[in-house]
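First the structure, in the form of C-alpha cells, and then the observations on it.
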Amino acid sequence: MRGSLRKCRRSSHLKKVRVVVDSTYLLPSLGISVKGLEAEDIQHISKYDGKVKYCYPTPLLAEILAKAAKESLKRKLTVPPREACEGLKALLAGLAVSLEVPAVDSLMLAAELWMKGHRDIMDDMAYAHAVKSQAYFMTLDEAFKSFLSRKGYTLEVIVTHKDLEKLTLQANEN
C-alpha cells in the first residue's frame, strides 16, 4: 500500500512537457499516410500521453481539413472518408491533443516569418505559437528548420517524436 501511495505522489508531481504538434503528426489519424512517419512512430508518440501535453493551434485546423480533402480527391472520393471525419471529431473533442487559440504576439511572429520568406503560414503559426507559449514544436520539416537557422531564429524549441523520451526525463529532473 505504501509503495503505491509513493508512486501516486511521485506521479502527481511529474511535469508535463508542452509540445505543439505539426499537422504532419495528425494526418495519420485522418487516414493519410505521411512519408517518414510509420505506425511505430505514432505508437511511440502515444506512449507519452501522460507526460506530454500535445497542443495544436486552432488556425491549423484549416490545413488538415484541406489535406484531408486533397487526399479524398486523390482517391477519387466524393466526400472525405469516415476515418477523416472520426479523426477530426477526436481532434475537436481534445481527446489526445489540446486545441489552443494563439495569442496576438505569436500571430505577429508568424507574420514576421512569412515576411522574411517562409511562405508556409501554417508552419509559421505553429512555430510561433510554440515559441511564444514556451513549448516545443514537434516537426519533421527540415527545410523549415534550415530557414529558421539561416534567419537566426531559435532552434531550441524544434524537436521530433524521437526526442520525447529525453524531453520528459529532463523536465522531471528539474
**Report entry** Cα→Cβ-extended label distance, 7 Å offset, between VAL101 and SER149, nm
**Finding:** 3.7
Report task. Give the residue from LEU99, GLN134, VAL19 lying farthest towards the positive end of the charge dipole for segment 15-173; charges sit on Cβ (+1 for Lys and Arg, -1 for Asp and Glu) and the dipole is referred to the Cα centre. Result -> LEU99
Report summary line: By the Kirkwood definition, with r running over pairs of different Cα atoms, segment 22-174 has a hydrodynamic radius in Å of 16.3
Query - Dipole in debye (nearest 20) - the chain, about Cα centre, beta carbon charges: Lys, Arg +1; Asp, Glu -1 - result: 620
Query raised in the report: Say we join alpha carbon atoms closer than 10 Å with springs in a Gaussian network model of the chain; which of ARG18, ARG119, ARG75 then has the biggest fluctuation?
Result: ARG75
Query - Segment GLU38-GLU156, length gained on full extension (0.36 nm per residue, minus Cα span) - result: 40.0 nm
Report task. For LYS47, list the aspartates and glutamates whose Cα falls under 19 Å from its own Cα; do not include residues on the same chain fewer than 8 positions away. Result -> ASP22, GLU38, ASP163, GLU165
Requested in this report: Let me have the relative contact order for segment 1-151, percent, based on Cα pairs under 8 Å that are six or more residues apart.
Outcome: 31
Report task. Principal axes first, then extents: for the Cα atoms of segment 63-146, list largest minus smallest coordinate on each axis, whole Å, largest first. Result -> 38, 28, 21
**Report entry** Karplus-derived 3J(HN,Hα), 6.51/-1.76/1.60, for each residue of segment 18-25, Hz, glycine and proline x
**Finding:** 8, 9, 7, 9, 5, 3, 3, 6
Requested in this report: Would you mind ranking LYS166, LYS51 so that the residue whose beta carbon has the fewest other beta carbons within 10 Å leads the list?
Outcome: LYS166, LYS51
Query raised in the report: Which residue, chosen from ILE64, ALA111, ILE121, occupies the Cα position most advanced towards the positive end of the dipole of the chain, where the dipole is computed from +1 (Lys, Arg) and -1 (Asp, Glu) charges on Cβ about the Cα centre?
Result: ILE64
Report task. Provide ASP49, ASP120, ASP22 in ascending order of the number of other Cβ atoms located within 10 Å of each residue's Cβ, fewest first. Result -> ASP49, ASP120, ASP22
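For the chain, what does -39500 (n - 2.57) per DSSP helix run (n ≥ 4), summed and divided by total residues, give at 222 nm, in deg cm²/dmol to the nearest 500?
One gets -15500 deg cm²/dmol as the mean residue ellipticity at 222 nm.
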Query raised in the report: Taking amide hydrogens as modeled 1.01 Å from N in the peptide plane, which residues meet the under 5 Å criterion relative to SER98, leaving out close sequence neighbours?
Result: TYR54, CYS55, TYR56
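Using the Cβ atoms and a cut-off under 15 Å, what net charge is assigned to the surroundings of GLU71, where Lys and Arg are +1 and Asp and Glu are -1? Before the final figure, lay out each step's value.
Working: positive: LYS35, LYS67, LYS70, LYS74, ARG75, LYS76, ARG82; negative: GLU63, GLU83, GLU86.
Net of charged neighbours comes to +4.
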Report task. Please report the Cα spread of segment 116-168 along all three principal axes, rounded to whole Å, starting with the longest. Result -> 33, 21, 19
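Laboratory data are not the source of any read-out in this text; all were calculated from the coordinates shown. Fair warning: this is a prediction, and the values are worked out from it, not measured in the lab. Cβ: placed from backbone, ideal geometry, glycine included. Neighbour counts: every protein chain shown.
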